[in-house]
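These notes are about the structure you will find just below.
The values are calculated or read from the model by the stated rules, or taken from the named source; none is laboratory data. Keep in mind that this is a model prediction, so the values were computed, not measured. Please note that ligands, DNA and RNA were not included when accessible areas were found on the heavy atoms of the full protein model with its side chains. Shrake-Rupley method; radii C 1.70, N 1.55, O 1.52, S 1.80 Å.
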Amino acid sequence: MDTSSPLTILCITGWCRNGSTIIGNVLNEIPGFFHVGELHFLWRNSVGEGANNLCGCGETLTRCPVWSEILETVRPAGMTAHEHAAAVIRRQLSCVRTRHTWRVLGRGPYRDDIREHAALMTRTYHAIAERTGARVIVDTTKIPGEAALLPHLDGVRPYYVHLVRDPRAVAHSWRRPKEYVYAMSAAKSTAYWDGFNLASRAITRRHPERSLLLRYEDFAADPAGTIDTLLRLCGADPAGNPVRDRAVELRPNHTVTGNPDRFRTGVTVIRDRDDAWRTGLPATARLAATALSWPLLRHYGYRHGGPLPTGAPRGAPPPGLKNTAKGRH
């Protein structure tokens, strides 16, 4: 494994239903970028113990030409796929859950299980780069404990995007099941929203020079300008931006789980508003989401009726896209 030239990982953190799938798939259209989806769930899903076992290309993970090879490459000799998956899942639960974020930030890979997990993730990221030719891997796992571990991986240079979406829009998205994704109450989704965003904030505060805060609503207001800024963050040329006006042509991808919309291909128009929750979210659920997310709701620029105005010109950082090195996160 050649780790002499650091591999760039663009890690998108935050709570689920925050728009990471569409942003990752847009970035996937840029030469040299590869969106892996939620890599944390590769082993669980590959043995049928996760939410779904399909790659974004439509094949099962174990038949996908990319993931079948990578799973074989990173599995230790003498272990079956199920034995290896069980070992990986045990380590994930014991050392890189959201609750472990602050411990990983403070102590790094301080014990055997987390060191073994760091070694596995190092092998996996480099195997992905070797198999796909990617220079930038976009990981939308959104498990803060995994994100906190990235600086300790050999030959990896992580950049972080803390992606936040209005908790009332998130609660509305969780109201109904969608294919392999279950439903969740507004109170429960907002409790997770609080925890995941606090943990993600801790990570980006630790690495401000390589981190950005992005509200999904600001991406929706100016998708092309936002993608430009994300490319500049990780040192890529904005000339590769595939968004034209509000549209992008998406090809099949190789994402591991994520929003079921990851299977959609062809010309995709990015909606300029994210306000279906205003009429679709019951008043009691809206009240629960608003109350439970306070004061983070205001911290991220959301007010009682919705987000503050957006609309930055193309190529400039949208109002909610901030370099945390400036101390504003």
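Once phi is turned into ³J(HN,Hα) by the Karplus curve 6.51 cos²θ - 1.76 cosθ + 1.60 with θ = phi - 60°, what whole-Hz value does each residue of segment 39-48 show in order, with x for glycine and proline?
Calculated HN-Hα couplings, in order: 4, 3, 9, 4, 6, 4, 6, 5, 10, x Hz.
How large is the Kirkwood hydrodynamic radius of the chain, in angstrom, based on all distinct alpha carbon pairs? The partial results should precede the final answer.
Values: mean 1/r = 0.0500 Å⁻¹.
Taking every pair of different Cα atoms in the chain, averaging 1/r and inverting gives 20.0 Å.
At 1.4 Å probe size, with the rest of the protein present, what percent of the exposed accessible area of the chain is carbon and sulfur atoms?
On the way: 7020 of 13920 Å².
C and S atoms contribute 50 percent here.
Any idea what the relative contact order of the chain is, in percent, if you count C-alpha pairs under 8 Å spaced at least 6 apart? Could you put the intermediate results ahead of the total?
On the way: 612 pairs, mean separation 90.6, N = 329.
Reported relative contact order: 28 percent.
Choose one answer from TYR125, TYR160, TYR300: the residue with the largest mean-square fluctuation in a GNM of the chain with alpha-carbon springs under 10 Å.
Comparing TYR125, TYR160, TYR300 in a Gaussian network model of the chain, the most mobile one is TYR300.
Counting only DSSP beta bridges with both residues in the chain, what percent are antiparallel, rounded to the nearest 5?
Rounded to the nearest five, the antiparallel share is 35 percent.
May I ask you to evaluate 6.51 cos²θ - 1.76 cosθ + 1.60, the Karplus curve with θ = phi - 60°, for each residue of segment 207-221 and list the ³J(HN,Hα) values in order in whole Hz, giving x for glycine and proline?
Values per residue, Gly and Pro as x: 10, x, 6, 10, 9, 9, 9, 10, 8, 4, 4, 6, 4, 4, 5 Hz.
Do the sum for the chain: with -39,500 (n - 2.57) for every DSSP H run of n ≥ 4, divided by all residues, what is the mean residue ellipticity at 222 nm, to the nearest 500 deg cm²/dmol?
-12000 deg cm²/dmol
Quick one: Cα centre-to-centre distance for segment 198-255 and segment 127-163, in angstrom?
After rounding, the separation between the Cα centres reads 14 Å.
At 1.4 Å probe radius, can you tell me the per residue accessible area of the chain in Å²? Don't skip to the end; give the middle numbers.
Numbers: 13920 Å² over 329 residues.
Using a 1.4 Å probe on heavy atoms only, each residue of the chain averages 42 Å².
List every residue whose amide H lies under 5 Å from the amide H of VAL138, counting only residues 5 or more places away in sequence or on a different chain, with H placed 1.01 Å from N in the peptide plane.
The list, which skips near neighbours in sequence, is LEU10, PHE34, HIS35, VAL36.
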